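Peer 1: The structure follows.
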Amino acid sequence: MNSPSSQSKNNKMVVKLLAIVVGMFGFGFALVPLYDVLCDALGINGKTSDVAAVYESVEIDESRLITVDFITRSNTGMPWEFRAETRQVKVHPGQLNQVDFYVRNPAKTAIVGQAVPSVSPGPAAIYMNKTECFCFEQQTLQAGEELLMPMQFYVDPQLPEDITYFTVQYTLYNVTASADVVAMN
């Protein structure tokens, strides 16, 4: 049998282990906001805005030329063919531009896709303003359907002088399962 002092030691150990588990659980929840703060502080957070910018005619800075590369990828489980029709553009800050993206659904069923953009280097993301983008909404393609999706953007003339090149990457996700749940409600 356990002695009273053994039982007391065991109880203390259980309390300590439970405190560790609760602490680890809390730390797991804190990681997402900590990650966002760290990325913002280091300038590596390439998130773009989820809303359309309103283009107001501004003076185009023709003295500067910014190179913008477009990269596309489909997440695992997304069978769509997805590519930028123009891989690279050279733009003047303040100039309204359009790039088209091609998608094709080779599957035998309809699929709902959602494109998520990111910009690298991260500080350039706040100067990349999309006025129209397929990434603002989910896209549904029927079996075998193909589509050209436009993305209109301008680079804010306040882009720091040291940024002359940046990359915009779109990752395409299959959100059919979650779209079906939303459609049922």
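Where a number appears in this text, it was derived from the coordinates with a stated rule and is not lab data. Nothing here was measured: the structure is a model prediction, and the numbers come from that model. Here Cβ is always computed from backbone atoms with ideal geometry, including for glycine, and neighbour counts include all displayed protein chains.
Peer 1: Quick one: what are the phi-derived ³J(HN,Hα) couplings along the stretch 156-172, Karplus 6.51/-1.76/1.60 with θ = phi - 60°, whole Hz, x for glycine and proline?
Peer 2: Residue by residue, the stretch 156-172 yields 4, x, 7, 3, x, 4, 6, 9, 10, 8, 8, 10, 10, 10, 10, 10, 9 Hz.
Peer 1: Taking the highest mean first, how do the peptides 5-18, 73-86 order by number of other beta carbon atoms within 10 angstrom per residue? Walk me through the intermediate numbers first.
Peer 2: Numbers: 5-18: 10.2, 73-86: 14.9.
The densest-packed peptide leads the list: 73-86, 5-18.
Peer 1: Lysines within cross-link reach of Lys90: Cα-Cα under 30 Å, excluding same-chain residues under 8 positions apart?
Peer 2: Candidates past the 8-residue exclusion: Lys47, Lys130.
Peer 1: What full-extension length gain, to one decimal in nm, is calculated for Thr131 and Gln88 as 0.36 nm per residue of separation minus the Cα-Cα distance?
Peer 2: 13.6 nm
Peer 1: What distance in nm separates the two pseudo spin-label positions at Lys9 and Thr140, each 7 Å out from Cα along the beta-carbon direction?
Peer 2: Result for the modelled spin labels: 6.6 nm.
Peer 1: While we're on this one: For Leu148 and Thr109, what is the calculated FRET efficiency with R₀ set at 25 Å and r taken between the beta-carbons, to the nearest 0.05? Walk me through the numbers on the way to the answer.
Peer 2: Details: r = 22 Å, r/R0 = 0.87.
My answer for the efficiency is 0.70.
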